[in-house]
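Working notes, beginning with the structure itself.
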Amino acid sequence: MNLIDIIDKLRTKIVKKIAYGILVLLILADFIIPRHEIHFFGDKVPGFWSLFGIISCVLIIVVSKWIGQNWLMRDEDYYDK
């Protein structure tokens, strides 16, 4: 079994549902776990840091793909010109 077959099997709907389920559990755990001290306004809002982390990761991925496609990638005949 090669790596491509493993990746194709991991992209099933069941694995995605499990990942989303874990995400929801982590956000719900933020409501249950008590806070010791409040240092930042986000500490007052339940689930803030979980959502902040998800949004940050998505933003990093989108910006990285944009930089890669619009700045780093060159045409196939770049060296032939």
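The values are calculated or read from the model by the stated rules, or taken from the named source; none is laboratory data. These numbers were taken from a predicted model, which means no experiment stands behind them. Cβ placement follows ideal geometry from the backbone for every residue including glycine, while neighbour counts extend to all protein chains displayed.
Name every residue in the range 42-73 that is more than 15 Å from the chain's Cα centre (by Cα) and among the β-branched types (Val, Ile, Thr), in order of residue number.
Val45, Ile67
Out of the range 3-32, which residues are part of a loop (DSSP other than H, G, I, E, B) and either modelled with pLDDT of 80 or more or among the charged types (D, E, K, R) (or both)? Don't jump to the end; show me each part of the working.
Going through the range 3-32, the residues part of a loop (DSSP other than H, G, I, E, B) turn out to be 11-12.
Within the range 3-32, Arg11 is the sole residue that qualifies.
Is the range 37-51 home to any residue that is at negative phi, β-branched (Val, Ile, Thr) and exposed (fewer than 10 other Cβ atoms within 10 Å of the Cβ)?
yes
So, of the residues in the range 47-74 that are small (Gly, Ala, Ser) and in a helix (DSSP H, G or I), which turns out to be farthest from Arg35 (Cα to Cα)?
In this case the residue turns out to be Gly68.
Cβ-Cβ distance below 9 Å, separation of 6 or more or different chains: which pairs start in the range 46-63 with a residue that is modelled with pLDDT under 90 and end on one that is among the charged types (D, E, K, R) and loosely packed, with under 10 Cβ neighbours inside 10 Å?
Matching pairs, first to second residue: none at all.
Quick one: how many residues across the range 38-64 are more than 21 Å from Gly21 (Cα to Cα) and touching a helix residue (DSSP H, G or I) at 6+ places or on another chain (Cβ under 6 Å)?
Total satisfying the criteria: 1.
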